[in-house]
Amino acid sequence: MVDLLNAPQRNSLAIVLRMFEEQLRQADRWLQGDLDEGTLYRPTLHLSLETRAAARQKIAVALAKIAELARQFNLERQEQDLGAAMAAEMSLSWADLCDTRSDKLMRYGDVNPDLGQILDPHIDCLAETALSLASMLRNNNPSS
């Protein structure tokens, strides 16, 4: 068969299809009711059973199409380093947490003078945890 894609084109196609596949699989988990509840959030999905079933059917068709394209264009499965992904998320959380210190909250209005001593130590602790996790997960060495 004639190779229809050069290497950069193949890479671009693989990246887009991989990201779409991840989104489809996440949507399918949510449609099945796999909703992780936290302390400060509670995900909800207000869809009828019929809509959920129809969406899951569309997802299945799309996943089959992705598999077909992967075979047709010889797109290889790529390992994804979840440690690096978690490290990146923790780094973003660190920055967001730093932006919620009392002195940064002034951009939303006057800040109570007592807020810093009450809030900031907790925010600093959480930010340090995020930074520590980012470093730990980024530098993960299976042999250690």
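Laboratory data are not the source of any read-out in this text; all were calculated from the coordinates shown. Worth saying up front: this structure is predicted, and the values here are computed from it rather than measured. Quick reminder, even Gly has a Cβ in these numbers, built from the backbone with ideal geometry, and neighbours come from all protein chains shown.
Of all the residues in segment 55-82, those that are among the polar types (S, T, N, Q) and either assigned to a loop (DSSP other than H, G, I, E, B) or surrounded by 12 or more Cβ atoms within 10 Å (Cβ to Cβ) (or both) number 3. Among the conditions (1) closer than 30 Å to Asp124 by Cβ; (2) of a type in the set (Val, Ile, Thr); (3) not in a loop (DSSP other than H, G, I, E, B), Ile15 misses just one, which is (1). Here is a list of conditions, (1) closer than 23 Å to Ala85 by Cβ; (2) among the charged types (D, E, K, R); (3) in a loop (DSSP other than H, G, I, E, B), and Glu22 meets all of them except one; can you say which number that is? Result: Glu22 fails condition (3) only.
For segment 25-38, a residue qualifies if it is part of a helix (DSSP H, G or I) and either in contact (Cβ under 8 Å) with a residue 12 or more places away in the chain or in contact with a Leu (Cβ under 8 Å, 6 or more places away or on another chain) (or both), and the qualifying residues are Arg25, Ala27, Asp28, Trp30, Leu31. Only one entry of Arg52, Arg42, Arg10, Arg18 meets the criterion of being in contact (Cβ under 8 Å) with a residue 12 or more places away in the chain and either more than 23 Å from Glu79 (Cβ to Cβ) or exposed (fewer than 12 other Cβ atoms within 10 Å of the Cβ) (or both), and that entry is Arg52. For segment 92-144, the set of residues classified as of a type in the set (Val, Ile, Thr), surrounded by 15 or more Cβ atoms within 10 Å (Cβ to Cβ) and part of a helix (DSSP H, G or I) consists of Ile123 only.
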